[in-house]
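Below: the structure, in structure tokens.
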Amino acid sequence: MLELQQILTRPAAADLTGVIQALEKLTAEDQTVESWLSHATKTDLEKLICLLATTGEWQNQAKLLTCLKVIQKSWIKPAVPAVATIPGLIETFSGDAERAFLSVYPVGADGDAQLNPGALYLQLRQNENPAHRKKEADLLAAQADQLLANLEKWSLETLRVLQQQVPRMGDRETRFRRQRDLALQMAWDYPRALHALKGTVATLHQQKSLDGLKAVKFFLIRAEKEWITYSRRLRETPPHPLNLWCARVREMQALAEAIRRGLAV
């Protein structure tokens, strides 16, 4: 077992004979083969299958096929581990679909080619305990509401500060002041768009739409990062030249359009 493990760490071309000999030695005891395979990494198995499948030197083709079947059997997980049915899998985790799904697809693990993760996830969701679904929906809605509240607070504070600064910007002509006021009027679209998104979150929460709430939450996380970047640019923008200041303030309207597109999530 150790011999084969060591061989697999060396260049493949020089180790073909050694791999064959080591594997022949292991196949004399099926239990030993299973033991090694249970600890082998996916990279080890990929190397081994590649070496065995491409060689013409191994005379015992039946033995080759048997070894490949053993390797594939140990490599591929069953569609539903241990528990035969979806309801049984859900019951094992006290009705929690997320934990049940993670038992089949752990975070960071390679996907199972024999199983459709999307279909499994939907089946688990359909059979989960309603109390778990409500609890998760409550949590996601609370997180989305908090993100919305932060964005609304920051944007309103920014707009109020800008409105207070405009009279002190030293514009010599009234039309310059009007341009600034118009830019600020357009910027107010941003908090209005956030307020509209609150209604979407409330509807998704009422429907217990976990996928919808997750989509809104991650959308708002991106929006929060965009706002932080934008507010930094805004603070660094001087009041003159006028066109540059107005263009920077009007960027809030573009951010508002992105929020409105998020309503379709």
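The values are calculated or read from the model by the stated rules, or taken from the named source; none is laboratory data. Quick caveat, the model's predicted, so the values are computed rather than measured. Cβ placement follows ideal geometry from the backbone for every residue including glycine, while neighbour counts extend to all protein chains displayed.
Beta carbons closer than 9 Å, at least 6 apart along the sequence or on distinct chains, pair a first residue in region 233-247 that is modelled with pLDDT under 90 with a second that is of a type in the set (Val, Ile, Thr) for 239/166. In region 130-143, the residues that are over 14 Å from residue 201 (Cα atoms) form Cβ pairs under 6 Å with partners that are charged (D, E, K, R) and not in a helix (DSSP H, G or I), at six or more places apart or across chains, as follows: 132/96; 133/208. Checked against the criterion of being farther than 18 Å from residue 259 by Cβ and not in a helix (DSSP H, G or I), region 138-161 has no qualifying residue.
Against the numbered list (1) without any contact (Cβ under 8 Å) to a residue 24 or more places away in the chain; (2) part of a helix (DSSP H, G or I), residue 172 comes up short only at (2). Within the set 196, 137, 183, the sole residue that is more than 30 Å from residue 97 (Cα to Cα), crowded, with 18+ Cβ neighbours inside 10 Å and at pLDDT below 95 turns out to be 183.
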